[in-house]
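We did not get these values from a lab; they are worked out from the coordinates using the rules stated. Fair warning: this is a prediction, and the values are worked out from it, not measured in the lab. With ideal geometry, Cβ positions are generated from the backbone for all residues, glycine too; neighbour counts draw on all protein chains shown.
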């Protein structure tokens with residue numbers, strides 16, 4: 001999809017084999033053609049409604065829709081295929097990450113893009129874990145950076161942000177990595193440990209990409225190091 005909105009050889013090189021015909025998707029030159037190629041997949045029902053909404057055919061809107069679909073699918077599979085005890089452990093592993101991603105999205109939308117509360121609510125990931133509805137409301141209705149920080153401090157995740165909103169994405173990534181490593185060690189033979197292992201590897205992949213991109217753009221080693229999650 002990024003090839004459609006941001007044509008680049010960089011994205012083309014990432015195409016891998018799978019259940020979808022990625023070559024046909026990569027050759028799509030219009031959004032209509034792209035969605036048509038997804039007709040026999042589970043993703044068609046997610047993107048098809050946007051065909052009638054040209055104003056919402058943006059990378060932000062479409063990626064958010066796919067993120068929300070993935071989250072719902074994950075939680076549905078957890079409930080459908082896992083035992084009650086396994087489901088509880090799995091939701092614990094995913095739940096905090098979902099909560100923190102909601103906080104990250106709201107802070108970005110409020111502080112950097114000036115979204116109103118009404119603009120924010122449709123994009124909130126609906127499966128909250130420990131984040132209360134009142135927390136989301138307070139964050140979404142924050143009027144400036146300070147009130148946003150006050151709203152964050154009132155949540156159960158205040159420790160993540162260390163009293164300020166600087167480098168918020170890195171703080172969240174570092175916190176979730178630490179959480180996954182701890183759970184992995186405490187319950188090495190549970191379904192939770194498998195999920196935590198996957199999440200830990202995702203962070204490692206992200207770090208490798210960050211390092212290679214830093215080298216590609218000629219950043220000094222110390223600056224590259226500052227972007228790596230889990231170095232402290």
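Subtract the Cα-Cα distance of residue 150 and residue 162 from 0.36 nm times their separation in residues, and report this length gain in nm to one decimal.
In short, 3.1 nm is gained.
Between residue 211 and residue 23, how high is the FRET efficiency from 1/(1 + (r/R0)^6) when r is the Cβ-Cβ distance and R₀ = 35 Å? Nearest 0.05. It would help to have the intermediate numbers written out before the result.
On the way: r = 29 Å, r/R0 = 0.84.
Once rounded, the FRET efficiency stands at 0.75.
Which order, highest average first, do 118-125, 88-95 follow once you tally other Cβ atoms within 10 Å for each residue and take the mean per peptide? Don't jump to the answer; show the numbers that get you there.
Values: 118-125: 15.2, 88-95: 18.4.
In decreasing order of mean packing, 118-125, 88-95 become 88-95, 118-125.
Stick to the Cα atoms of region 102-232, pair each with every other, and give me the Kirkwood hydrodynamic radius in Å at one decimal. Kindly include the intermediate steps, with their values, before the conclusion.
Working: mean 1/r = 0.0606 Å⁻¹.
Kirkwood radius, region 102-232: 16.5 Å.
At 25 °C and 0.890 mPa s, grab the translational diffusion coefficient of the chain from Stokes-Einstein with a Kirkwood Rh over Cα pairs, rounded to a whole number in µm² per second.
Working: Rh = 19.9 Å.
Result for D is 123 µm²/s.
Using a 7 Å offset from Cα along Cα-Cβ at residue 112, what residues in region 161-175 end up with backbone N under 11 Å from the label point?
From region 161-175, the list is 167-170.
Below 8 Å between Cα atoms, with a sequence gap of 6+, how large is the relative contact order for the chain in percent? Don't skip to the end; give the middle numbers.
Values: 184 pairs, mean separation 29.3, N = 232.
Taking the mean separation of contacting Cα pairs over the length of the chain, I get 13 percent.
Stretched out fully, how many nm does the piece from residue 59 to residue 202 gain, at 0.36 nm a residue minus the Cα gap? Walk me through the numbers before you get to the answer.
Working: separation 143, 0.36 × 143 = 51.48 nm, distance 2.24 nm.
Length gained, residue 59 through residue 202: 49.2 nm.
How big is region 148-216 by the Kirkwood estimate over distinct Cα pairs, in Å? Intermediate results must be reported in sequence, preceding the final value.
Values: mean 1/r = 0.0731 Å⁻¹.
Kirkwood hydrodynamic radius for region 148-216: 13.7 Å.
Normalising by the residue count of region 27-160, find the relative contact order in percent from Cα pairs under 8 Å and 6+ residues apart.
Numbers: 89 pairs, mean separation 24.3, N = 134.
Relative contact order here is 18 percent.
Debye calculation, C-alpha points only, no solvent: report log10 I(q)/I(0) for region 112-172 at q = 0.21, 0.23, 0.24 Å⁻¹, in the same order as the q values.
-0.92, -1.11, -1.19
Could you work out the relative contact order of region 84-206, using alpha carbon pairs under 8 angstrom and six or more residues apart, expressed as a whole percent? Display every interim value, and only then the final one.
On the way: 107 pairs, mean separation 33.0, N = 123.
Over region 84-206, the number comes to 27 percent.
I need 60, 105 ordered by Cβ neighbour count within 10 Å, fewest first.
On the way: 60 11, 105 18.
Ordered by Cβ neighbours within 10 Å, fewest first: 60, 105.
So if the hydrodynamic radius of region 16-64 is defined as the Kirkwood radius over C-alpha pairs, what does Stokes-Einstein give as its diffusion coefficient at 4 °C and 1.567 mPa s, in µm² per second? All intermediate terms of the calculation are to be shown ahead of the outcome.
Numbers: Rh = 11.3 Å.
Translational D for this selection: 114 µm²/s.
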